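The values are calculated or read from the model by the stated rules, or taken from the named source; none is laboratory data. Note that the coordinates shown come from a computational prediction; the quantities given were computed from them, not determined experimentally. Quick reminder, even Gly has a Cβ in these numbers, built from the backbone with ideal geometry, and neighbours come from all protein chains shown.
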Number of protein chains: 2
Amino acid sequence: MLTTNAFAGIGALVGDPARASMLVALMDGRALTATELATVAGVTPQTASSHLAKLVAGELLAVERQGRHRYHRVATPAIAEMIESMMAVAATGTIARRRPLCTGPRDAMLRRARTCYDHLAGRVAVGIADRMITRGEIRLGADGGEVTERGAELLQSLGIEIPRADGRRGGRAFCRPCLDWSERRPHIAGAVGKALLAHSIDTLWLRPIAGSRAVIVTPLGRDALTRLFGLAPDIWDDPI
Amino acid sequence: MLTTNAFAGIGALVGDPARASMLVALMDGRALTATELATVAGVTPQTASSHLAKLVAGELLAVERQGRHRYHRVATPAIAEMIESMMAVAATGTIARRRPLCTGPRDAMLRRARTCYDHLAGRVAVGIADRMITRGEIRLGADGGEVTERGAELLQSLGIEIPRADGRRGGRAFCRPCLDWSERRPHIAGAVGKALLAHSIDTLWLRPIAGSRAVIVTPLGRDALTRLFGLAPDIWDDPI
DNA sequence: GGAACGCTTCGATCGGGCTCGAAGCGTCGA
DNA sequence: TCGACGCTTCGAGCCCGATCGAAGCGTTCC
């Protein structure tokens, strides 16, 4: 079976710890250089080069040359989704469940707010999803979700344009639940989640941290998100 | 990073050809014995036992003892979704795209109609999705889909009860697009796809083949599906 | 032009894991 | 009770691939 071999090949590509680290690092959607990825993976540049060549040949990563740098990024959204679903499985495993996923002040930031490929994740993102559901602005089920009319009004009032499912103006905007690794509950992914994150960065509500998936919630963003999405004030406090 | 290690572990588990074959074979949702899986993977029972032990330890498979048999199945729907997304990536790769996925009379059946974990896949499934979209019975987008009121009426008239997204009666029924490996276009997955397949088997429209993911479309099913979903007659002909 | 830098290629080493034969354990049927 | 069967464990062989040093190529900066 040709597909089965390709399937195993994908697994083997992801199966090496160094390559896995690289893929995880690229899951925020940015493009990183070979040297940066070597540092992330904890290997020498030669080894990283070999790994990156394999990932590019396997079409998991795409590469662009810029001068003497080579920027690597996740090749397609489908691949990012695949990695997401694999991490969701990995995060629910016994080994990961045994003790808290991460500790320390740096990881407290990750748990609070981080990027998940093209949308927001973490305690804040789950809180936003919770409130939008209870206020009837979105609906989320096991198989998908959508923005309600009330939700569309809210987003439009913020200046966020949500692409419709079928391209037509009158169509419905779907969104996708994405299991949050740290919270173990869904946050909003898909076009809606992407637009929400982009808008939050544009308006300086959130500020990405270079070299990390964590994002800083600015004082401006804290006020805006609390007000607009009716977040509980204690969402900003890191639990012990 | 604990999660990254677990992530790489999942990849390594899937990365072996023998284990990959087993997982693919189990993707129709049935539970198979260790010996059956050894045959599928083309390895000796000892080797299969070792692989299965790893897959069970990694919580990708669950096992049930029945007398001297051990039945293995995909542990959770989340894992089946993960495998699906990996196969979708594998099926779009250059290697798989180079030549037709499969040939021969046995594979013609697979291309026509097969199970995809808990729902139907293949040319017929894609045809059903196409027609339901054009007739306004379902909507499918990149991030999800839903059953329209007209679609709900159709399904209800067939005696298919679709679980609502939020459990409430008035709620909306979401469904999920799933990229068809052989057709390279989406068919219907999620609760709606599952209910549709179950109903088709109950009514003897479809008959699963033991030891294969292919399903036979009975004459009864051919008539019913053509009539109910307005399929083009040539969908039953295998292209050369 | 020369040096520093980013990245790749080549070659050698080495460890992990896949594989199967042989043997052992539990279950089923006669 | 005995043999057949399904499956697992143990052990040894063996191959693949990850890793890094050394060297080479192209780019940038001074």
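Quick look at the values:
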read-out: Where a residue in region A:9-25 is surrounded by fewer than 24 Cβ atoms within 10 Å (Cβ to Cβ) and its partner, wherever it lies, is of a type in the set (Phe, Trp, Tyr), with Cβ under 7 Å and at least six apart; value: A:VAL24/B:PHE7
read-out: Matching option when the condition is within 14 Å of chain A (Cβ to nearest Cβ) and of a type in the set (Val, Ile, Thr), among B:ILE235, B:ILE216, B:ILE138, B:ILE209; value: B:ILE138
read-out: Condition met for A:THR4 (more than 13 Å from DNA strand D (Cβ to nearest atom) and more than 22 Å from A:ASP118 (Cβ to Cβ)); value: yes
read-out: Any hit, region B:188-197, residues being more than 10 Å from chain A (Cβ to nearest Cβ) and either exposed (fewer than 15 other Cβ atoms within 10 Å of the Cβ) or modelled with pLDDT under 90 (or both); value: no
read-out: Residue among A:GLU161, A:GLU146, A:GLU183 that is surrounded by 16 or more Cβ atoms within 10 Å (Cβ to Cβ) and more than 30 Å from A:GLU36 (Cα to Cα); value: A:GLU146
read-out: Residues being within 16 Å of A:ARG227 (Cα to Cα) and touching a Cys at 6+ places or on another chain (Cβ under 9 Å) - total across region A:118-137; value: 1
read-out: Filtered residues of region B:216-240 (kept if touching a helix residue (DSSP H, G or I) at 6+ places or on another chain (Cβ under 8 Å) and farther than 21 Å from B:ILE133 by Cα); value: B:ILE216, B:VAL217, B:ASP238
read-out: Single condition A:THR148 does not satisfy, out of (1) over 30 Å from A:HIS51 (Cα atoms); (2) modelled with pLDDT of 90 or more; value: (2)
read-out: Number of positions in region B:27-49 that are of a type in the set (Gly, Ala, Ser), part of a helix (DSSP H, G or I) and away from DNA strand D (no atom under 11 Å from the Cβ); value: 1
read-out: Options A:LEU13, A:LEU52: the member that is within 10 Å of DNA strand D (Cβ to nearest atom), part of a helix (DSSP H, G or I) and at negative phi; value: A:LEU13
read-out: Any hit, region B:205-219, residues being over 25 Å from B:GLU36 (Cα atoms), assigned to a helix (DSSP H, G or I) and touching a residue at least 24 places away in the same chain (Cβ under 8 Å); value: no
read-out: In region B:1-56, residue farthest from A:ALA90 (Cα to Cα) [restricted to those that are hydroxyl-bearing (Ser, Thr, Tyr) and within 12 Å of another protein chain (Cβ to nearest Cβ)]; value: B:SER21
read-out: Residue, nearest to DNA strand C (Cβ to nearest atom), within region A:34-62, restricted to residues that are surrounded by fewer than 17 Cβ atoms within 10 Å (Cβ to Cβ) and within 10 Å of A:ARG73 (Cα to Cα); value: A:VAL56
read-out: Any hit, region B:64-82, residues being within 10 Å of DNA strand C (Cβ to nearest atom) and assigned to a loop (DSSP other than H, G, I, E, B); value: yes
